[in-house]
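Trainee: Below you'll find the structure I mean.
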Amino acid sequence: MANIIKKYTPGFNIHDIQKKYNLKKVIKLASNENPFISKNVLSFINNSKHNLNLYPDSNPHNLHSEIAKSIGYRMTDKNIILGNGSNEILELIVRSNIDNKSEVIIPKHSFLVYEIISKLQNAKIIISKPENDKNNKNYLGVNLTAIYEKISKNTKLIFIANPANPTGTYISIKHIDDFLKSIPKKILVIIDEAYFEYLDSNIDKSAISLIKKYKNIYVTRSFSKIYGLASLRVGYGVSNPENINKLKLYKQPFSTNYFAQKAASIALKDSSFIKESKKNNHDALQQFKKIFDELKITYLGTYCNFITFRVGNNSSSLFNYLLTKGVIVRPLTNYKLPEYLRVSLGSPSDNKLFIKHLKGFYSENTK
Ligand SMILES: Cc1ncc(COP(=O)(O)O)c(C=O)c1O
């Protein structure tokens with residue numbers, strides 16, 4: 001069968017929607033960005049006298065060391081590779097390990113990039129079924145048993161997002177450890193932790209804690225989410241030094257620019273910004289859940305900075321209605337969740353606008 005590759009569809013862009021609907025104000029709650037920017041980062045960007053004619057540092061050791069220090073688990077700069085978003089790291093892992101004889105296991109409803117980059121290597125894509133909780137029908141978790149059952153002699157790579165987008169679920173490190181123990185060690189496993197910083201660091205552990213134990217794992221992290229740097233494109237991968245050195249062979253030397261590197265270093269140290277971002281996220285989540293409950297809309301639980309809610313047959317009419325009001329959310333048909341929409345947890349004013357128009361839609365449609 002032909003390996004048809006679908007293009008990744010990003011969230012709609014604010015300017016296009018302003019023009020299309022002739023709107024002054026449009027807000028975007030479609031791509032899980034932090035609604036805020038660290039003041040320290042902003043002040044650096046606004047006051048920087050950097051010479052744009054110079055190439056950036058191709059191997060920023062200091063930033064690698066700062067990242068290693070911030071994540072702990074006895075990681076050093078040798079365990080880190082910086083990328084143009086964590087997307088670049090995902091792509092490097094796939095490009096350097098996967099070919100047309102490989103099978104790649106991807107849990108159903110996963111981040112679409114996994115499938116796109118694997119298909120570009122002509123790999124065979126194997127989709128594993130989600131975990132259904134009998135007691136909670138609004139749960140679509142990553143099902144490690146279902147992944148295990150899909151393993152064959154050709155399996156080369158497994159993707160696990162933890163927490164997962166767009167389903168919002170998290171699996172404990174104990175489960176991941178047991179899973180890694182049970183599979184053949186020639187299979188590579190990517191644990192994508194783009195949303196990790198939204199978890200409770202006192203309770204939830206990172207898969208980075210397993211890197212010294214398993215040579216076949218890579219963990220990816222992003223500066224696009226809680227660190228608020230989506231536009232600058234910066235993320236990183238963590239693995240044992242051998243794996244990292246292999247990825248570096250495939251990487252373009254200047255894929256992260258000077259501002260991305262400096263801003264990442266500043267954001268990493270701005271602990272009060274991270275704390276405020278987490279608090280805003282927590283408050284927004286409580287507010288959204290309350291409104292969804294009031295409107296009798298069901299939703300998937302979330303450990304992230306978005307919430308996926310079920311609209312049923314109304315999902316495209318609600319999506320289009322919100323667009324005409326200047327609110328961009330994310331349809332999930334591409335994720336095989338056509339009855340759902342995903343909304344990012346935004347700033348208090350953006351959330352207010354979303355809630356106003358969500359209520360407007362339901363009052364107009366239940367008259
Ligand atoms: C699960 C997941 N992984 C990775 C990414 C990519 O993030 P980055 O901006 O670091 O490339 C995203 C972005 O939305 C995501 O949802």
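The values are calculated or read from the model by the stated rules, or taken from the named source; none is laboratory data. Computed from a predicted structure; not experimentally measured. Because the Cβ atoms are built from the backbone with ideal geometry, glycine has one as well, and the counts that use them run over all protein chains shown.
Trainee: For the range 134-141, check the following and say yes or no: at least one residue is away from the ligand (no atom under 15 Å from the Cβ), aliphatic (A, V, I, L, M) and either out of contact with any Cys (no Cβ under 8 Å at 6 or more places or on another chain) or not assigned by TED's automatic domain parsing to the domain that holds residue 255 (or both).
Mentor: No.
Each row is one residue, and each column tells you yes or no for (1) closer than 24 Å to residue 109 by Cα; (2) charged (D, E, K, R); (3) out of contact with any Leu (no Cβ under 8 Å at 6 or more places or on another chain).
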| residue | (1), (2), (3) |
| --- | --- |
| 148 | yes, no, yes |
| 158 | yes, no, no |
| 183 | yes, no, yes |
| 228 | no, no, yes |
| 236 | yes, no, no |
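Trainee: With 117, 160 as the choices, which residue is more than 23 Å from residue 301 (Cβ to Cβ), within 20 Å of the chain's Cα centre (by Cα) and within 12 Å of the ligand (Cβ to nearest atom)?
Mentor: 117
Trainee: With respect to residue 263, determine if the residue is within 14 Å of the ligand (Cβ to nearest atom), of a type in the set (A, V, I, L, M) and touching a residue at least 24 places away in the same chain (Cβ under 8 Å).
Mentor: yes
Trainee: Now a separate question. Checking the conditions here, which among 95, 74 is closer than 21 Å to residue 234 by Cα, over 17 Å from the mean Cα position of the chain (by Cα) and either outside any strand (DSSP E or B) or within 16 Å of the ligand (Cβ to nearest atom) (or both)?
Mentor: Only one candidate qualifies: 95.
Trainee: Quick one: would you say residue 3 is at positive phi and not assigned by TED's automatic domain parsing to the domain that holds residue 216?
Mentor: For residue 3, the condition - at positive phi and not assigned by TED's automatic domain parsing to the domain that holds residue 216 - is not met.
Trainee: For the range 17-44, which residues satisfy the criterion of being among the hydrophobic types (A, V, I, L, M, F, W, C), out of contact with any Leu (no Cβ under 9 Å at 6 or more places or on another chain) and closer than 19 Å to residue 266 by Cα?
Mentor: Of everything in the range 17-44, those that are among the hydrophobic types (A, V, I, L, M, F, W, C), out of contact with any Leu (no Cβ under 9 Å at 6 or more places or on another chain) and closer than 19 Å to residue 266 by Cα turn out to be 36, 42, 44.
Trainee: Can I ask one more? Name the residues in the range 184-203 that are more than 16 Å from the ligand (Cβ to nearest atom) and assigned to a loop (DSSP other than H, G, I, E, B), would you?
Mentor: 184, 185, 186, 187, 200, 201, 202, 203
Trainee: Pairs under 8 Å by beta carbon, first residue under 16 Å from residue 61 (Cα atoms) and outside any loop (DSSP other than H, G, I, E, B) in the range 227-241, partner charged (D, E, K, R) and more than 9 Å from the ligand (Cβ to nearest atom), six or more apart or different chains?
Mentor: Listed pairs, sorted by first residue: 241/78.
Residues are listed down the side, and each one gets a yes or a no for (1) buried (at least 24 other Cβ atoms within 10 Å of the Cβ); (2) modelled with pLDDT under 95:
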{"site": "145", "(1), (2)": "no, no"}
{"site": "157", "(1), (2)": "no, no"}
{"site": "205", "(1), (2)": "no, yes"}
{"site": "225", "(1), (2)": "yes, no"}
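Trainee: To continue, here is another question. Out of everything in the range 15-35 that is assigned to a loop (DSSP other than H, G, I, E, B) and farther than 17 Å from residue 342 by Cβ, what residue ends up being farthest from the ligand (Cβ to nearest atom)?
Mentor: Of everything passing the filter in the range 15-35, 22 is farthest from the ligand (Cβ to nearest atom).
Trainee: On to the next question. Go through (1) assigned to a helix (DSSP H, G or I); (2) under 25 Å from residue 14 (Cβ atoms); (3) outside the structural domain of residue 235 (by TED's automatic domain parsing) and name the single condition residue 293 misses.
Mentor: Among (1) assigned to a helix (DSSP H, G or I); (2) under 25 Å from residue 14 (Cβ atoms); (3) outside the structural domain of residue 235 (by TED's automatic domain parsing), the lone unmet condition for residue 293 is (2).
Trainee: Within 15 Å of the ligand (Cβ to nearest atom) and either under 23 Å from residue 151 (Cβ atoms) or β-branched (Val, Ile, Thr) (or both) - does that describe any residue in the range 242-252?
Mentor: no
Trainee: If you take the residues in the range 270-283 that are part of a helix (DSSP H, G or I) and in contact with a Ser or Thr (Cβ under 8 Å, 6 or more places away or on another chain), which one is surrounded by the most Cβ atoms within 10 Å (Cβ to Cβ)?
Mentor: That would be 273.
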